[in-house]
1. If you scan the stretch 179-193, which residues turn out to be out of contact with any Gly (no Cβ under 6 Å at 6 or more places or on another chain) and surrounded by 10 or more Cβ atoms within 10 Å (Cβ to Cβ)?
2. Going by the structure shown, is E114 touching a strand residue (DSSP E or B) at 6+ places or on another chain (Cβ under 9 Å) and either in a loop (DSSP other than H, G, I, E, B) or hydrophobic (A, V, I, L, M, F, W, C) (or both)?
3. What are the pairs, 6+ residues apart or on separate chains, where a residue within the stretch 74-91 that is more than 19 Å from T164 (Cβ to Cβ) and open to solvent by 10 Å² or more (accessible area, probe 1.4 Å) has its Cβ under 8 Å from a residue that is of a type in the set (D, E) and not in a loop (DSSP other than H, G, I, E, B)?
4. Search the stretch 144-162 for residues that are open to solvent by 50 Å² or more (accessible area, probe 1.4 Å) and pair each with any residue that is in a loop (DSSP other than H, G, I, E, B) when their beta-carbon atoms are under 7 Å apart and the residues are at least 6 apart or on different chains.
5. Tell me, which residue of the stretch 163-177 that is open to solvent by less than 50 Å² (accessible area, probe 1.4 Å) and free of Cβ contacts under 8 Å to residues at least 60 places away in the same chain is farthest from K230 (Cα to Cα)?
6. Can you confirm whether the stretch 92-110 contains a residue that is closer than 23 Å to H211 by Cα, in contact with a Lys or Arg (Cβ under 9 Å, 6 or more places away or on another chain) and of a type in the set (A, V, I, L, M, F, W, C)?
7. For the stretch 30-59, which residues satisfy the criterion of being open to solvent by 80 Å² or more (accessible area, probe 1.4 Å), free of Cβ contacts under 8 Å to residues at least 60 places away in the same chain and either in contact with a helix residue (DSSP H, G or I) (Cβ under 8 Å, 6 or more places away or on another chain) or under 14 Å from D81 (Cα atoms) (or both)?
8. When you scan the stretch 59-73, do you find a residue that is in a loop (DSSP other than H, G, I, E, B) and closer than 27 Å to A209 by Cβ, even just one?
Amino acid sequence: MKKLTSLLALVLTANCMFAQTHSELSSKEKKEGWHLLFDGKAKEGWHNYLATSAGPAWGVSDGTLQLDPTVKDGRGDVVTDKEYENFELSVDWNIAEEGNSGIMFIVHEDKAFENTYITGPEYQLLDDKKAEDNKKPSHLAASLYDIIAPAKEVENPAGQWNHTVIRLQNGELTFWLNGVQTVKTHLWDANWDAMVAKSKFKNWKGFAAYHKGHIALQDHGYHIAFRNIKIREL
């Protein structure tokens, strides 16, 4: 019995230690300048695009920020209250089967632009296996949506957690998924202009036109959960 009790205590301790790793910063991360964008408990720091707060469709459950598409009130993308220019963003995400979502950045919030993706380039989040929008390489998970396909397909299956990093510094943009670099390019140079001209965004006034803006999490009508959302300014 004593051995069983000791084993149970060890398991409980391990579980507690694992739970504490989410939405917390290590001393090393704090020294490196990381800040949490979501503390695992509340939606503070986020609001629906062109609104003042995050609506009921975006909820907090089990330490994650989740979109519940069955909730009709408060739908739409959520954006950070703060704007960022040079930054490194780190986030875990878990998408439903057939799911589609995205992370937009340098989003300019203005009534002149109806949606976040009109101004913000997108790191695509997708169930590559079963989502409807999986036919084009530049639409797969970890792509720069409709502009650059991921160098490698390294997404974990729907229902499992994936880890994304987006780094933007002085126009140099790099994406990682699960530790693998998937995109590296430079915004706002001649090559960038040529790539955009070949994409769906070629005639979009305002697309990637701003060097500073909000981070956005997309409501594309599918359940998705986020955790460990953290950022450091460069």
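The values are calculated or read from the model by the stated rules, or taken from the named source; none is laboratory data. Predicted model only: the values in this text are computed from it and were never measured. Here Cβ is always computed from backbone atoms with ideal geometry, including for glycine, and neighbour counts include all displayed protein chains. Note: accessible area is taken over every heavy atom of the protein model, side chains too, but ligands, DNA and RNA are not part of it. Shrake-Rupley method; radii C 1.70, N 1.55, O 1.52, S 1.80 Å.
1. Across the stretch 179-193, the qualifying residues are V180, Q181, T182, V183, K184, T185, D189, N191, W192, D193.
2. Taking the combined requirement at face value, the residue does not satisfy it.
3. So the pair list comes out as E85/E233.
4. E153/D128; E153/L140; N156/N178; P157/K129; G159/E97
5. Within the stretch 163-177, the match that is farthest from K230 (Cα to Cα) is G171.
6. Yes, the conditions are met somewhere in the stretch 92-110.
7. Matches in the stretch 30-59: E44, T52.
8. Within the stretch 59-73, none of the residues are in a loop (DSSP other than H, G, I, E, B) and closer than 27 Å to A209 by Cβ.
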